[in-house]
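Take a look at the structure set out below.
The values are calculated or read from the model by the stated rules, or taken from the named source; none is laboratory data. Keep in mind that what you see is a predicted model, and the values were worked out from it rather than measured. When we count neighbours, we look across all protein chains shown, and the Cβ atoms used for this are built from the backbone with ideal geometry, even at glycine. Side chains included, ligands, DNA and RNA excluded: accessible areas come from the protein's heavy atoms. Shrake-Rupley method; radii C 1.70, N 1.55, O 1.52, S 1.80 Å.
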Amino acid sequence: MQFDPKEFLDFTFTWRGVLIGAIVTTLLIAVIAQVLGVLLGLLAALAGRSRNLVLKGISGLYVWVFRGTPVLVQIVLLYYGLPSLLGIDPFPQRYGNLPELIGGAFLAATLALGVNEGAYMSEIIRAGILSVDSGQAEAAKSLGMTPRKTMSRIVLPQAMRVIIPPLGNEFNNMLKTTSLASVVGVTELLLLAENRYGGTFKPFEPLLGICVYYLAMTTIWGLIQGRIEKRLGAGLNRNEADEGFWSRLTGVGRRMGPSGGAR
Amino acid sequence: MTGHIHQTDVAVGHDLLDAIGGAATASTAVVVDAQHVDKWFGKLHVLQDVSLQVKRQEVVVVLGPSGSGKTTFIRCVNHLEKIQGGRIYVNGHLIGYREVDGKLVEDKEANIARQRQEIGMVFQRFNLFPHKTALENIIEAPTQVRGMPQAEALEIGKALLTRVGLAAKADSYPAQLSGGQQQRVAIARALAMKPALMLFDEPTSALDPEMIGEVLEVMKELAREGMTMIVVTHEMGFAKEVADRVVMMDEGVVVEEGTPEHFFANPTHERTKSFLSKIL
C-alpha cells in the first residue's frame, strides 16, 4: 500500500488560489443551477396544471426529455453540440471583462445542470401543490381571489412545507453533481484533483482530499437544511421537522425516506 | 343529530354587520335567481331543473338527505361547480358564464373572481388558511382583493373578531383554535368582504356537539341583522327558528318548499315526510 500523507495534507489543506477557486466554482455552479432549477421547476409545474393544452404539452415534454436522458450527456451536448449546431460559439473561454472563472464551460455546465434540475423540481413542486387540501383553493376563490393570487398567497406557501425537504436533498445532490462539469473543462474540485495527479501520478491523495471538501459542504448544508425545516414546521402542530442532525446526516432513524433524490 | 340549540356562554356581540360598515346593499329585490339549473357529474344528473329564488334579507334553509344535491347547488351559486344548463343570477349578474347566442360560455377567471367577492361562503370543514393567524385570515381578501389599506382592514378584522366573541384569539393560528372557534373566524372572514349574500355549506356538520351552538348563535345574529343567506344544514332547530323558507331537495330535485310552519307541521310530499321522520 502506498499512501503519501504529506501529499494528501499538502493538497487538501494548503490554501492555494486554485483550491479556493475550485471551491468557489463548485459552490457557484451548485447555487446558480439550483436556483435556475427551482424557477424552471415552478414554471413547469404551473404550466403542467394550466388549462392551456400547449403549455401543458411543453411542460410534459420538458420533464420527459430531461429526466429521461443523462445529465452528463446534456452537459456535453450543450457545450460541444450547440456551437456546431449554431455555427457560432455561445460558450467562449472568456466573456469580456468577467472573471476567468465564469467562462463558457462554466456557463454551459451550470445551464445544463439547472435545466436538468428543473425537470426534477417540477415534479417535487407539483407534488407539493397537490398536497395542499383542495378546500384551501376553494376558500380563496370564494373570497374573490384570482387563480394567480390563490396560488401565490394561499397554495404555494402551504406547499412549501412539502417542497422544502426534498429541495434540500436536491441541493445536496447538486453539490456533488457539479463534479460532472469537469468533463467540459470547468476547474471545479474534481478537475483540480485530476490536474494535480496528472503531474504527481498519485491519484488517491487529491481525490481523497476533494472528498473532504464535498463532505464538508454537504454537512454544512445539512445543518442549514435542518434549521430551515424546523422553522417551517413551527406553528403548525406537527413534528415532522424535528429529526436530529445526525439522523439527517446518516439517514439512520429517518421517518420519511429522502424523496426526489434518487438518480 | 338532534338539532336542538345549545346555550353557550360565547359573548356573541351585536351588530356583526356594523363591524363591516353595514351590509352591502343588494341592487335587486331578488338576490339569487336560479332558473332551471342542470348539472351532471359524468352520467349522474345531480341537479335536475332546480329553480330557486332568494329575496333580499331572506334566510333560506336547504334540507335533504346526503346526495340530494343541496351542497352541489350552493356551490354552483358561486361557481365552485360548473353547470350544464339553466342560469344562476346573483344581484342580477349571470354567475360564471356569458351568454353567447343563447348558449353558456364560461366566463373569464377575473370576472368570476369579481362576482365571488359579493358572495360569502362558509364551508363544512372551515378551510381557514393554516399559515395565517385568525386576524390575517380575515384581512387577506379585503387587502389582496379589494385593495383595502392594511390599517382599515385590521380595524374591521378586529371588530369582526370581537363580534364573534374571539377578540382574544386574533393572533392564534387555526390549529390552535377549536372547531367552533375556527368556524366563527371563517364566518368573520367571509363577512369582511361585505358580501350581499352568504352561503353556508353544512357549517356545523364537522363540529363536536358542544360547539354547534356557538356557531349557530353567530348565524342567527347575522340572520336577525338582515343578511341574505342560503344555509344547507341538518340543524332543524335552526331551520324552525331562523328560516324564512325551507327547501327540501332529494335526488337533485326540489321536492317541496315553504315556510317552516308549513314545512314541519304539514309537509305535503311523501319524501319530505319520510326524511323528516328520520331526522326529527
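Would the stretch B:162-172 turn up any residue that is within 14 Å of another protein chain (Cβ to nearest Cβ) and among the β-branched types (Val, Ile, Thr)?
No.
Within the stretch A:161-176, is there a residue that is surrounded by 19 or more Cβ atoms within 10 Å (Cβ to Cβ), in contact with a Lys or Arg (Cβ under 8 Å, 6 or more places away or on another chain), in contact (Cβ under 8 Å) with a residue 12 or more places away in the chain and more than 30 Å from B:Val185 (Cα to Cα)?
There is at least one residue in the stretch A:161-176 that is surrounded by 19 or more Cβ atoms within 10 Å (Cβ to Cβ), in contact with a Lys or Arg (Cβ under 8 Å, 6 or more places away or on another chain), in contact (Cβ under 8 Å) with a residue 12 or more places away in the chain and more than 30 Å from B:Val185 (Cα to Cα).
Check whether at least one residue in the stretch A:133-149 is touching a residue at least 40 places away in the same chain (Cβ under 8 Å) and either among the small types (Gly, Ala, Ser) or more than 9 Å from chain B (Cβ to nearest Cβ) (or both), and report yes or no. Please lay out each step first, then the result.
First, the residues of the stretch A:133-149 that are touching a residue at least 40 places away in the same chain (Cβ under 8 Å): none.
No, because not a single residue in the stretch A:133-149 is touching a residue at least 40 places away in the same chain (Cβ under 8 Å) and either among the small types (Gly, Ala, Ser) or more than 9 Å from chain B (Cβ to nearest Cβ) (or both).
Is there a residue in the stretch B:179-189 that is farther than 28 Å from B:Glu152 by Cβ and polar (S, T, N, Q)?
Within the stretch B:179-189 (the criterion being farther than 28 Å from B:Glu152 by Cβ and polar (S, T, N, Q)), the answer is no, since none of the residues qualifies.
So B:His131 clears everything in (1) more than 25 Å from B:Glu256 (Cβ to Cβ); (2) out of contact with any Pro (no Cβ under 9 Å at 6 or more places or on another chain); (3) open to solvent by 20 Å² or more (accessible area, probe 1.4 Å) except one condition, right? Which one?
If we test B:His131 against (1) more than 25 Å from B:Glu256 (Cβ to Cβ); (2) out of contact with any Pro (no Cβ under 9 Å at 6 or more places or on another chain); (3) open to solvent by 20 Å² or more (accessible area, probe 1.4 Å), just (2) comes out false.
Looking at the stretch B:214-280, what strands (runs of 3 or more DSSP E) fall wholly within it and have at least 1 residues that are open to solvent by 10 Å² or more (accessible area, probe 1.4 Å), more than 14 Å from B:Ile187 (Cβ to Cβ) and touching an Asp or Glu at 6+ places or on another chain (Cβ under 8 Å)? Spell out the reasoning first.
Numbers: elements: B:229-232, B:245-250, B:253-258.
Here the list reads B:245-250, B:253-258.
Can you tell me how many residues in the stretch B:188-209 are in contact with a Gly (Cβ under 8 Å, 6 or more places away or on another chain) and either closer than 22 Å to B:Ala159 by Cα or touching a residue at least 60 places away in the same chain (Cβ under 8 Å) (or both)?
Residues of the stretch B:188-209 that are in contact with a Gly (Cβ under 8 Å, 6 or more places away or on another chain), as a first pass: B:188, B:190-195, B:197-199, B:206-208.
Pick out the ones that are also either closer than 22 Å to B:Ala159 by Cα or touching a residue at least 60 places away in the same chain (Cβ under 8 Å) (or both) and you get B:188, B:190-195, B:197-199, B:206.
Within the stretch B:188-209, residues that are in contact with a Gly (Cβ under 8 Å, 6 or more places away or on another chain) and either closer than 22 Å to B:Ala159 by Cα or touching a residue at least 60 places away in the same chain (Cβ under 8 Å) (or both) number 11.
Could you check the stretch B:33-138 for strands (runs of 3 or more DSSP E) lying wholly inside it with 3 or more residues that are more than 9 Å from chain A (Cβ to nearest Cβ) and over 21 Å from the mean Cα position of the chain (by Cα)?
Values: elements: B:44-55, B:59-63, B:85-90, B:97-100, B:103-106, B:119-122.
Answer list for the stretch B:33-138: B:44-55, B:97-100, B:103-106.
Could we say that B:Lys169 is under 19 Å from A:Asp133 (Cα atoms) and more than 22 Å from the chain's Cα centre (by Cα) here? Write out each step before concluding.
On the way: under 19 Å from A:Asp133 (Cα atoms): no; more than 22 Å from the chain's Cα centre (by Cα): yes.
Considered against the rule, which asks whether it is under 19 Å from A:Asp133 (Cα atoms) and more than 22 Å from the chain's Cα centre (by Cα), B:Lys169 comes out as no.
Restricting attention to the stretch A:129-140, which residues are out of contact with any strand residue (DSSP E or B) (no Cβ under 9 Å at 6 or more places or on another chain) and either under 14 Å from A:Gly60 (Cα atoms) or surrounded by fewer than 24 Cβ atoms within 10 Å (Cβ to Cβ) (or both)?
Let us first name the residues in the stretch A:129-140 that are out of contact with any strand residue (DSSP E or B) (no Cβ under 9 Å at 6 or more places or on another chain), namely A:129-137, A:140.
Residues satisfying the conditions are A:Ile129, A:Leu130, A:Ser131, A:Val132, A:Asp133, A:Ser134, A:Gly135, A:Gln136, A:Ala137.
Conditions first: (1) closer than 25 Å to A:Ser152 by Cβ; (2) touching a helix residue (DSSP H, G or I) at 6+ places or on another chain (Cβ under 7 Å); (3) open to solvent by less than 10 Å² (accessible area, probe 1.4 Å). B:Ala190 passes all but one, so which condition is the exception?
For B:Ala190, the exception is condition (2).
Taking A:Ala47 and the conditions (1) within 20 Å of the chain's Cα centre (by Cα); (2) more than 25 Å from A:Ala181 (Cα to Cα); (3) among the small types (Gly, Ala, Ser), which numbered condition does it fall short on, given that it satisfies the others?
Every listed condition holds for A:Ala47 apart from (1).
For B:Phe200, which of the numbered conditions (1) under 12 Å from the mean Cα position of the chain (by Cα); (2) open to solvent by 20 Å² or more (accessible area, probe 1.4 Å); (3) of a type in the set (A, V, I, L, M, F, W, C) fails to hold?
The failed condition is (2).
Can you name the number of the only condition in (1) touching a Phe, Trp or Tyr at 6+ places or on another chain (Cβ under 7 Å); (2) part of a helix (DSSP H, G or I) that A:Val65 fails?
All conditions pass for A:Val65, except number (1).
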